[in-house]
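What follows is a set of notes on a single structure, which appears directly below.
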Amino acid sequence: DQQVKQNSPSLSVQEGRISILNCDYTNSMFDYFLWYKKYPAEGPTFLISISSIKDKNEDGRFTVFLNKSAKHLSLHIVPSQPGDSAVYFCAASNDYKLSFGAGTTVTVRA
Amino acid sequence: GAGVSQTPSNKVTEKGKYVELRCDPISGHTALYWYRQSLGQGPEFLIYFQGTGAADDSGLPNDRFFAVRPEGSVSTLKIQRTERGDSAVYLCASSSLAGAATDTQYFGPGTRLTVL
């Protein structure tokens, strides 16, 4: 059963504009949420996380928003840069076991 | 410092054969995880080691899959009687602490297994 869903398989955005990636989850026991970024032929790299006690966490150009009542989180990238072109995975956990979404491929156009 | 390494990077085998996939975690990391990523999906948890012992192997799909970590560092994922459905990228990750949700998991590049 897919406990974490990323309904948009791809996103194309112009350089300098905002990228918004969405993620929904079904398990109310999840209390920690993460975004990973993956380039081809490399493993996923941790990007940013948020605890369920918060609704926003910011790190430079990356901000993650959490809406617990809607079981929804999003990742905002502002401004988008060509190096941001990658696959982004949303993940959730309540212990060591990460549950991942299927990923969103982001393409940043020059 | 060196990240998580996995060998081989690619493995092609025939149906019914036995394969071993190796993972070298970041030095000093006590927690080690295996995940499997099938085409078009996100990684799925297979097994978690804390030190030498498998603390949680609930994600292993069946008894053809087995993993060991005899000295608490390098781990080997073993697949017997491979099937075409085993074709996937097998990812290894490690973390420094006791395997809590907040411990960042650092992933290796994966081994792409193709079963013909």
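The values are calculated or read from the model by the stated rules, or taken from the named source; none is laboratory data. What you see is a predicted model; the values in this text were computed from it and never measured. Here Cβ is always computed from backbone atoms with ideal geometry, including for glycine, and neighbour counts include all displayed protein chains. Surface accessibility is based on the protein's heavy atoms, side chains included, excluding ligands, DNA and RNA. Shrake-Rupley method; radii C 1.70, N 1.55, O 1.52, S 1.80 Å.
General remarks:
- If only residues of the range A:3-17 that are open to solvent by 80 Å² or more (accessible area, probe 1.4 Å) and assigned to a loop (DSSP other than H, G, I, E, B) are counted, the one that is nearest to the other protein chains (Cβ to nearest Cβ) is A:Pro9.
- Residues (hydrophobic (A, V, I, L, M, F, W, C), in a strand (DSSP E or B) and more than 7 Å from every other protein chain (Cβ to nearest Cβ)) located in the range B:82-116: B:Ala88, B:Val89, B:Cys92, B:Ala93, B:Leu113, B:Val115
- All positions within the range A:1-58 that are among the aromatic types (Phe, Trp, Tyr) and within 23 Å of B:Gly110 (Cα to Cα): A:Phe33, A:Trp35, A:Tyr36, A:Tyr39, A:Phe46
- Residues (among the aliphatic types (A, V, I, L, M) and open to solvent by 20 Å² or more (accessible area, probe 1.4 Å)) located in the range A:30-48: A:Ala41, A:Leu47
- Residue count, the range A:68-110 (criterion: in a loop (DSSP other than H, G, I, E, B), of a type in the set (A, V, I, L, M, F, W, C) and either within 15 Å of A:Thr45 (Cα to Cα) or at pLDDT 95 or above (or both)): 4
- Residue list for the range B:22-76, filter: within 12 Å of another protein chain (Cβ to nearest Cβ) and of a type in the set (S, T, N, Q): B:Thr30, B:Gln37, B:Ser38, B:Gln41, B:Gln50, B:Ser58
- All conditions but one from (1) within 11 Å of chain B (Cβ to nearest Cβ); (2) part of a loop (DSSP other than H, G, I, E, B) apply to A:Phe46; the one that does not is (2).
- Residues of the range A:74-92 that are crowded, with 21+ Cβ neighbours inside 10 Å and out of contact with any Ser or Thr (no Cβ under 7 Å at 6 or more places or on another chain): A:Leu75, A:Ala86, A:Phe89, A:Cys90.
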